[in-house]
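Novice: Take this structure, written in structure tokens, and hold onto it; I'll ask about it next.
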Amino acid sequence: FPGYLSPSLGLKFADVPNGLAALSKLPVLGGAQMVAFAGLIETTGFFQAESTTDGRGPREGAFAMMDSTERGEPGNYGVGFPNFLGKVTDPEARKTKLAAELANGRLAMMAIIGMFFQDGLTGSAWGDWATYTASPLRAFESELGVQEPVGFWDPAGFTADGDLAKFKRRRSVELKHGRICMMATMGYITPEVIGKLPGYLSPSAGLKFADIPNGLAAVSKVPTAGWAQIAAYFGFVEFSGGFTDYKTGTPGDYGFKVLTSSDPAEKTKKLAAEIANGRLAMVAIIGMFFQDGLTGSAWGDWALYTASPLR
């Protein structure tokens, strides 16, 4: 804006930087006015129509205020807030606009937190991440798995210390889990598509492959000796491959050259695809477990989940 933010201090609007840096420039009285205005709206129903002013009052607990719209339609203050352009009378248009408001509000909540982080780390409201030279993530920006649109994504901060040995160990574990989950996902899908193997799973128990249901229900049908064989095979694979691949070479490289190429660019592409597909499979198999557990079937219809609290 043109002019002064605080004439008495000689502070112009142009003198106040954008973003978090503005906090250090804002006069104390200016901050107090903002708090007072927010309090006015919250405690007096400043933007409420007559039809919604009843019912506002204290909630149990300190500093908690009951909103007047809670007993009716949440957020509807009867005045077309926040644009004051009047109410929308068409039911379908109203439904669309209210859904858009919720969606935009959720996006904005994520966006403002992202802006705060970007501002705090780069020193600018629209800062270039390249200026965040102290970032420990720079040590891993060129590693496999760094893909658009998120780039190097580590929301839990596992790599915040920049420790290369720890990164390699986690990459080895990620690859191993991804490979297992890719096989597990195909194990869920394949019997549904092409059917079961012929013959017996356990001749001594008279148990055929066709007798084993798909999904989690199979757990109770597999004989104890069968589970012992599965555990023994896992142990064989684990110990024969060793646990030091990330220390002595490339994480996940056990000498079994399936995804390889003489062209470096093609090899990188294939290895990156393996990581991406493994990540997808880890999410997919968990989704399948949940769907199976809640509906009672590996490809269960959610309509069967009658106990859903979402109903």
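Novice: Test of the criteria: in the stretch 234-311, which chymotrypsin sites (Phe, Trp or Tyr not before Pro) are in a DSSP loop and have at most 12 other Cβ atoms within 10 angstrom of their Cβ?
Specialist: Qualifying residues, ordered by number: PHE243, PHE256.
Novice: Which whole-angstrom value gives the distance between the alpha carbon centres of the stretch 197-253 and the stretch 5-25?
Specialist: Taking the Cα centre of each part, the stretch 197-253 and the stretch 5-25 sit 67 Å apart.
Novice: A further question follows. Hey, got the dipole for the stretch 138-189? About the Cα centre, +1 on K and R Cβ, -1 on D and E Cβ, debye to the nearest 20?
Specialist: Using Cβ point charges on Lys, Arg, Asp and Glu, the stretch 138-189 gives about 300 debye.
Novice: Pulled fully out, how much extra length does the chain show between ILE41 and ALA108, if you take 0.36 nm times their separation in residues and subtract their Cα-Cα distance?
Specialist: 22.0 nm
Novice: May I pose another question? Determine how large the accessible area of LEU271 is when every protein chain is in place; take a 1.4 Å probe and give Å² rounded to the nearest 10.
Specialist: 50 Å²
Novice: What does the C-alpha gyration tensor say about the overall shape of the stretch 86-206? Classify as rounded when a/c is under 1.5, otherwise prolate if a/b is larger than b/c, or oblate.
Specialist: Oblate, because a/c is 1.5 or more while a/b does not exceed b/c.
Novice: Still on this structure, I have one more. About the Cα centre of the stretch 156-250, how large is the charge dipole given +1 on each Lys and Arg Cβ and -1 on each Asp and Glu Cβ? Please answer in debye to the nearest 20.
Specialist: Dipole about the Cα centre, nearest 20: 120 debye.
Novice: Give the shape of the stretch 219-311 as rounded, prolate or oblate, defined through the alpha-carbon gyration tensor: a ≥ b ≥ c are the square roots of its eigenvalues, a/c under 1.5 means rounded, and otherwise the shape is prolate if a/b is larger than b/c and oblate if not.
Specialist: Oblate, because a/c is 1.5 or more while a/b does not exceed b/c.
Novice: Determine how large the accessible area of THR250 is when every protein chain is in place; take a 1.4 Å probe and give Å² rounded to the nearest 10.
Specialist: Taking all protein chains as shown, THR250 has close to 90 Å².
Novice: On a full-extension model of 0.36 nm per residue, what is the gain between ASP154 and SER202, subtracting their alpha-carbon distance, rounded to one decimal in nm?
Specialist: 12.7 nm
Novice: Continuing with the same structure: Quick one: P(r) of the stretch 144-213 from all Cα-Cα pairs, 5 Å bins, percents rounded to integers, in order of increasing distance.
Specialist: Bin by bin from 0 Å, the calculated values are 3, 12, 13, 15, 12, 9, 8, 7, 8, 8, 3, 0.
The values are calculated or read from the model by the stated rules, or taken from the named source; none is laboratory data. Note that the structure is predicted; figures quoted are calculated from it, not measured. We place every Cβ from the backbone using ideal geometry, glycine too, and count neighbours over all the protein chains shown. Note: accessible area is taken over every heavy atom of the protein model, side chains too, but ligands, DNA and RNA are not part of it. Shrake-Rupley method; radii C 1.70, N 1.55, O 1.52, S 1.80 Å.
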